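K.L.:
Encoded as structure tokens, here's the structure I'll be asking about.
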Amino acid sequence: MAAPRVLFVCHTGSISGAELVLLDIVEPFAGQSAFLFEDGPLAAALAGRGLKVAVSRWGQGLAQVRRDSSVLKVIPLIGRLLAIVVEVIRAARRHDVVYANSQKAFVLSAIAAKIARRPLIWHLHDIISGAHFGAMQRRVQVTLANLCASRAVVPSQACADAFIAEGGKPDLIAVVPNGLDIAREAKSPAEVRQELKLPAGPLVGVFSRLAAWKGQHVVLQALAQAPGVSCIIAGDALFGEQAYATRLHQMIDDLGLGDRVHFLGQRSDVPRLMSAVDAVIHPSIDPEPFGRTLVEAMLAGVPVIATDAGAASDILEAGRAGTLVPPGDAGALAAAIRTVMSHPPELAAQLTYADARARAHYGKAQMLQTISAIIDTTAGDVS
């Protein structure tokens, strides 16, 4: 039987966590198609994977529609949103399966796939809850999923539980952990630091886009209680969160951290950066649907300090593969940083276990095999 023709749909042209997962997922699908609502680095990256990429004529600037946006903010954009639906309908009719990689992509793709009579897979990368989405968004997403989706792929049980709690059908869910395949850095941390011009001495790293719920401000508060420890922050304000980035810079001035905190912007060499730090901090104050940086750090052989929210506890096996602290607790985070920097005897065993766990449970080959099977089955159910 011929391989199904897949249309991958994503709302953004930027590359963050969910888009990195998509770039991995499409690797076995060279020659297939992708449709983006807006242009950007993701379009070039997908083309580099061998996909035929189309960009909407109408999607540029839709980033102003946030997860918690009111209906009144969406109404003026209805014409453009419907125009995108029409574009997706035309593209969907040339394919066997539509694969939506984000909430905005899913909502419009659900309507389009229903009209085009094509099965739809939703890759849900978020925890659907009031912490991130308004009540209307949650109702729309779950209702459309129940009516239009053939499967909903989620990276963790935390995502699955939230979807079901909002009224989603349990039999739609397929839990597929994000998979990574990262080679260990061959050079020593000191050599990498020198090449990348990173500061000497105790150094921690935070690797995520700048957003209030990602918790970078808590790290700054903790550093004020951990003298002598410097920090690199890799990531940028990608989705209309520039005010938060400004707030972080102001906090650095207020706390006197100007010579200890270094913003590196959006980076494509995160695994290498991780190999140069003494610990990776994952400080989200709201539950994370997965936590790609946790697995990256485990594979890099670097200690992990993460907030005990969402999928982090599962990934770190309740603290066996890393250190868990309460969300938003700068004092507990500072204490954890000081402990890791003291290199306790049990740290070496924890790192060995973390590496083995990451390779056993979060490999890219396993993720690709599972998702490819879901796509094949979904196409087969309709044919």
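K.L.:
Where residues in segment 234-265 are among the polar types (S, T, N, Q) and modelled with pLDDT of 95 or more, which of them is surrounded by the most Cβ atoms within 10 Å (Cβ to Cβ)?
P.N.:
By that ranking, first place goes to Thr246.
K.L.:
Follow-up question, since we're still on this one. Got at least one residue in segment 327-346 being over 26 Å from Thr12 (Cα atoms) and within 21 Å of the chain's Cα centre (by Cα)?
P.N.:
Yes, segment 327-346 contains a residue that is over 26 Å from Thr12 (Cα atoms) and within 21 Å of the chain's Cα centre (by Cα).
K.L.:
What about Val98, is it surrounded by 20 or more Cβ atoms within 10 Å (Cβ to Cβ), of a type in the set (Val, Ile, Thr), at pLDDT 95 or above and under 18 Å from the mean Cα position of the chain (by Cα)? If you could, list the steps in order and put the result at the bottom.
P.N.:
Details: surrounded by 20 or more Cβ atoms within 10 Å (Cβ to Cβ): yes; of a type in the set (Val, Ile, Thr): yes; at pLDDT 95 or above: yes; under 18 Å from the mean Cα position of the chain (by Cα): no.
In short, no.
K.L.:
Here is a follow-up. Mind checking which residues of segment 221-242 are in contact (Cβ under 8 Å) with a residue 12 or more places away in the chain and in a helix (DSSP H, G or I)?
P.N.:
Within segment 221-242, Gln221, Ala222, Leu223 qualify.
K.L.:
Residues in segment 198-213: is at least one basic (Lys, Arg), under 20 Å from Ser284 (Cβ atoms) and modelled with pLDDT of 95 or more?
P.N.:
No, that holds for no residue.
K.L.:
Given the conditions (1) over 18 Å from Pro155 (Cα atoms); (2) part of a helix (DSSP H, G or I), which single one is not true for Ala18?
P.N.:
Failed condition: (1).
K.L.:
Please go through (1) free of Cβ contacts under 8 Å to residues at least 40 places away in the same chain; (2) in contact with a helix residue (DSSP H, G or I) (Cβ under 9 Å, 6 or more places away or on another chain) for Val340 and return the number of the only condition it doesn't satisfy.
P.N.:
Tallying (1) free of Cβ contacts under 8 Å to residues at least 40 places away in the same chain; (2) in contact with a helix residue (DSSP H, G or I) (Cβ under 9 Å, 6 or more places away or on another chain), Val340 fails exactly one: (1).
K.L.:
Tell me which of these Ala245 doesn't satisfy, since it passes every other one: (1) in the same structural domain as Leu294 (by TED's automatic domain parsing); (2) in a loop (DSSP other than H, G, I, E, B).
P.N.:
Against the list (1) in the same structural domain as Leu294 (by TED's automatic domain parsing); (2) in a loop (DSSP other than H, G, I, E, B), Ala245 comes up short only on (2).
K.L.:
Within the bounds of segment 44-67, is there any residue that is part of a helix (DSSP H, G or I), modelled with pLDDT of 95 or more and surrounded by 15 or more Cβ atoms within 10 Å (Cβ to Cβ)?
P.N.:
Yes, segment 44-67 contains at least one residue that is part of a helix (DSSP H, G or I), modelled with pLDDT of 95 or more and surrounded by 15 or more Cβ atoms within 10 Å (Cβ to Cβ).
K.L.:
Any chance segment 172-194 includes a residue that's touching an Asp or Glu at 6+ places or on another chain (Cβ under 9 Å), at pLDDT 95 or above, of a type in the set (A, V, I, L, M) and closer than 30 Å to Asp126 by Cβ?
P.N.:
no
K.L.:
Checking Cys231 against (1) more than 22 Å from Ala183 (Cα to Cα); (2) surrounded by fewer than 24 Cβ atoms within 10 Å (Cβ to Cβ), which test does it fail?
P.N.:
The number of the failed condition is (2).
K.L.:
Grab the strands (runs of 3 or more DSSP E) fully contained in segment 100-210, keeping just those with 2 or more residues being over 16 Å from Thr378 (Cβ atoms).
P.N.:
Details: elements: 120-123, 151-154, 173-175, 203-207.
It comes to 203-207.
K.L.:
Hey, can you tell me all the residues within segment 132-161 that are surrounded by 15 or more Cβ atoms within 10 Å (Cβ to Cβ), in contact (Cβ under 8 Å) with a residue 40 or more places away in the chain and under 17 Å from Asp286 (Cα atoms)?
P.N.:
His132, Phe133, Gly134, Pro155, Ser156, Ala158, Cys159
K.L.:
Further question: How many residues are without any contact (Cβ under 8 Å) to a residue 60 or more places away in the chain and among the basic types (Lys, Arg) when one looks only at segment 85-131?
P.N.:
Count: 4.
K.L.:
Consider Arg184 carefully, then state whether it is over 16 Å from the mean Cα position of the chain (by Cα), surrounded by fewer than 17 Cβ atoms within 10 Å (Cβ to Cβ) and charged (D, E, K, R).
P.N.:
When the stated conditions are applied, Arg184 passes them.
K.L.:
What number of residues in segment 187-213 are surrounded by 13 or more Cβ atoms within 10 Å (Cβ to Cβ) and out of contact with any strand residue (DSSP E or B) (no Cβ under 8 Å at 6 or more places or on another chain)?
P.N.:
Initial filter on segment 187-213 (surrounded by 13 or more Cβ atoms within 10 Å (Cβ to Cβ)): 187, 189, 191-194, 196, 198-199, 202-213.
From the residues that got through so far, the ones that are out of contact with any strand residue (DSSP E or B) (no Cβ under 8 Å at 6 or more places or on another chain) too are 187, 189, 191-192, 194, 196, 209, 211-213.
The number of residues fulfilling the criteria is 10.
The values are calculated or read from the model by the stated rules, or taken from the named source; none is laboratory data. From a predicted model like this one, the values you see are computed outputs, not experimental measurements. Every residue, glycine as well, gets a Cβ built from its backbone with ideal geometry; the counts of neighbours run over all protein chains shown.
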